[in-house]
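What follows is a single structure, written as structure tokens, with notes after it.
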């Protein structure tokens with residue numbers, strides 16, 4: 001029996017319930033993801049992270065969080081400062097490219113200071129989506145810019161800042177969510193743009209950063225490639241675009257399987273995700289009946305998926321020797337005029 005199964009789980013609160021303890025011990029998720037409902041104060045977060053790893057009997061079990069800055073930031077004061085969104089960093093880049101890149105690196109390095117000491121070692125960042133005019137605001141200011149080259153450069157700096165701080169990055173939402181005219185939390189968007197335009201615009205930042213260890217999929221239909229299925233459940237998009245054109249060979253996980261862009265029950269959704277060639281199903285909400293359904297079809301971690309998972313965790317580095325207070329002061333000075 002493999003030590004893990006190919007799924008990532010959320011949990012319901014600030015500490016594990018007896019049912020969750022028994023369930024996670026039996027169903028062995030590869031990793032976990034935390035949300036605002038899971039965090040209250042530092043010691044509690046440390047205890048929760050330690051308990052999650054203890055239950056699955058793996059000290060290296062990754063624990064994820066969405067800590068971008070702006071409106072997508074699960075840790076808030078006093079656990080972490082309120083940070084600016086990606087668009088604010090992109091505005092710095094427009095005025096001074098070197099300053100913008102430094103800001104993207106610094107913010108990620110500060111995230112690492114905030115998170116790693118609590119036991120959280122994976123940040124769902126960088127956001128590599130490139131919005132177009134009129135697109136749904138679900139990405140909006142989370143994006144660095146509307147130009148693929150700027151998004152790629154800023155995303156590379158952000159990823160490197162996380163790695164320098166001992167964290168692992170996850171690029172999202174591959175192969176691109178910026179052109180979606182609907183919020184995938186609520187409905188399934190269809191993008192009708194021709195392939196060549198997608199390749200030049202939407203896919204370009206992901207191709208530039210295809211060496212990163214992990215990526216999260218987009219619940220978006222790209223009709224030029226597969227007019228029926230969203231990228232998350234489309235073997236054609238996974239094989240021809242994500243693994244093919246983009247060249248990403250790392251660990252590929254779904255965006256939250258709970259989102260209404262996907263159809264069917266949780267068994268059907270999960271089966272479709274695995275059948276499309278994704279490595280991991282991500283379930284975020286900590287709702288036991290839904291988790292049981294996902295876990296019932298999650299395969300043991302083996303073969304190519306097991307190797308990708310191993311390679312992703314092997315990208316962890318010892319944190320550099322940067323001094324936290326100095327970096328905070330430098331970053332704060334960049335945004336004094338904005339504040």
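Considering region 107-134 alone, what residues qualify as being in a loop (DSSP other than H, G, I, E, B) and at pLDDT 95 or above?
To start, the set of residues in region 107-134 that are in a loop (DSSP other than H, G, I, E, B) comprises 117-121, 124-126, 128-134.
The answer is 117, 118, 119, 120, 121, 124, 125, 126, 128, 129, 130.
Tell me the residue from 112, 135, 104 that is over 25 Å from residue 177 (Cα atoms) and crowded, with 18+ Cβ neighbours inside 10 Å, please. I'd like the intermediate steps shown before the answer.
Working: 135 fails: over 25 Å from residue 177 (Cα atoms); 104 fails: over 25 Å from residue 177 (Cα atoms).
Unique residue meeting the criteria: 112.
Whether any residue in region 269-279 is assigned to a loop (DSSP other than H, G, I, E, B), out of contact with any strand residue (DSSP E or B) (no Cβ under 6 Å at 6 or more places or on another chain) and modelled with pLDDT of 95 or more is what I want to check. Let's see the steps before the verdict.
If we filter region 269-279 for residues that are assigned to a loop (DSSP other than H, G, I, E, B), which is where we start, we get 276-279.
So of that shortlist, the ones also out of contact with any strand residue (DSSP E or B) (no Cβ under 6 Å at 6 or more places or on another chain) come out as 276-277.
Filter once more, keeping what is modelled with pLDDT of 95 or more: 276-277.
Yes - at least one qualifying residue is present in region 269-279.
Mind checking which residues of region 1-41 are in contact with a strand residue (DSSP E or B) (Cβ under 6 Å, 6 or more places away or on another chain) and exposed (fewer than 15 other Cβ atoms within 10 Å of the Cβ)?
2 - this is the single residue of region 1-41 that is in contact with a strand residue (DSSP E or B) (Cβ under 6 Å, 6 or more places away or on another chain) and exposed (fewer than 15 other Cβ atoms within 10 Å of the Cβ).
Residue-by-condition table, conditions (1) assigned to a helix (DSSP H, G or I); (2) in contact with a helix residue (DSSP H, G or I) (Cβ under 6 Å, 6 or more places away or on another chain):
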| residue | (1), (2) |
| --- | --- |
| 7 | no, yes |
| 22 | yes, no |
| 25 | yes, yes |
| 33 | no, no |
| 40 | no, no |
| 44 | yes, no |
| 52 | yes, no |
| 61 | no, yes |
| 64 | no, no |
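The values are calculated or read from the model by the stated rules, or taken from the named source; none is laboratory data. Because the structure is a prediction, the values reported are computed rather than measured. Cβ coordinates were reconstructed from backbone atoms using ideal geometry, including for glycine residues, and neighbour counts include every protein chain displayed.
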